[in-house]
Amino acid sequence: MPQFTLRQLEYLTTVAEHGSIAAAANALHLSESAVATALTQLEKAVDATLLLRRRAHGVVLTVEGERAVALARTLLSSAADFVAELAPGALTGTVRLGCYPTLAPATMPRLVRDLEATHPGVRVDVITDHAEGLQDAIRNGHLDLAVGYGRRLAPDLAKEHLYSLAPHVALHPDHPLAGADAVRLADLVEEPFIRYDRSPSWENTQSLLDDVGITAVRTRFSTDDFELARSFVGAGLGWSLFVVPSRAERTRDGMRVVDRPITPAPTPADVVAFWNASRPRIRVEPLLAALHAQAPA
């Protein structure tokens, strides 16, 4: 019988994710000595050096350590599934969630709060990343579930629709169309365009433009920062297209931006939860329930 514990494996994967024993201990709310001792015991149990510990420079995984981390993640995932099968609806241990950056502010904080309040034995970690990064993390077992757009989601991932968002244009308050009930994209195509260039947002925007026969726009600035794109609009430097509505009328530097619906109404962007199709659905049911509970009406 192997003489290591799941707790030791959790410490190993956390050290690998954070790059040092100190950072891992902080994330785990433990002392450095407790984490270091557990890792030493793990190395003795498997008779292998998994980490090279460098004073003031964190740790480096050995070849055996890299393999051990990959295997540990698989074992921890299987252990979580084991618990979920025996105790449907209960969450325990660490739950790792991912989200697209533009969706995260309106989704993740309340989700973490609600999950940790409803399931006292759970600790929720959150990362934000682009579409490809989140899908890879799901496949590799680094994430339990992620939230993003349904467009072009890989077919090997399971998904569930959460809600839909209507794309809209963002204009400077003094723009002639800022007071319109709805705006035709064709009426803006000759004006400077602020391109929000983060995947998959730009792909969604391109599809929207293609749908109305617009093959090119006059890009003035391109940025992968949502708030910077809005600030360019607020400064009167151009117009933009967004899917996620902003809860604030003003940009970070205090300038106003006016959001207007598009006519004819474009196809809404579906927001979905997605996870590894090989995982039992019962493991993500509590997460899906919490997401549906906070979805906009």
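Side notes on the structure shown:
- Selection status of LEU177, modelled with pLDDT of 95 or more and either in a loop (DSSP other than H, G, I, E, B) or under 11 Å from the mean Cα position of the chain (by Cα) (or both): yes
- Only a single item in (1) part of a strand (DSSP E or B); (2) touching a helix residue (DSSP H, G or I) at 6+ places or on another chain (Cβ under 9 Å); (3) under 27 Å from SER77 (Cβ atoms); (4) among the charged types (D, E, K, R) is not met by LYS159, and it is number (2).
- Residues satisfying the stated conditions in region 193-220, i.e. within 15 Å of GLY238 (Cα to Cα) and crowded, with 16+ Cβ neighbours inside 10 Å: PHE193, ILE194, ARG195, TYR196, VAL217
- The condition (being surrounded by fewer than 20 Cβ atoms within 10 Å (Cβ to Cβ), more than 22 Å from ARG247 (Cα to Cα) and without any contact (Cβ under 8 Å) to a residue 40 or more places away in the chain) is satisfied by just one residue among GLU132, GLU116: GLU116.
- Selection count where residues are outside any strand (DSSP E or B) and either closer than 14 Å to TYR196 by Cβ or not assigned by TED's automatic domain parsing to the domain that holds ASP187 (or both), scope region 208-220: 3
- Scanning region 230-284 for residues that are part of a helix (DSSP H, G or I) and surrounded by 18 or more Cβ atoms within 10 Å (Cβ to Cβ) turns up ARG230, SER231, PHE232, VAL233, GLY234, ARG283, VAL284.
- Any chance ARG283 is among the charged types (D, E, K, R), out of contact with any Cys (no Cβ under 6 Å at 6 or more places or on another chain) and assigned by TED's automatic domain parsing to the domain that holds LEU97: yes
- Criterion (within 26 Å of GLU160 (Cα to Cα), at pLDDT 90 or above, in a loop (DSSP other than H, G, I, E, B) and not assigned by TED's automatic domain parsing to the domain that holds PHE242) met by exactly one of LEU134, LEU111, LEU143, LEU97: LEU143
- Filter result for ALA289 (assigned by TED's automatic domain parsing to the domain that holds LYS159, free of Cβ contacts under 8 Å to residues at least 40 places away in the same chain, of a type in the set (A, V, I, L, M, F, W, C) and farther than 16 Å from SER164 by Cβ): yes
The values are calculated or read from the model by the stated rules, or taken from the named source; none is laboratory data. Everything quoted here is computed from the prediction, not taken from an experiment. Virtual Cβ from ideal backbone geometry, glycine too; neighbours counted across all protein chains shown.
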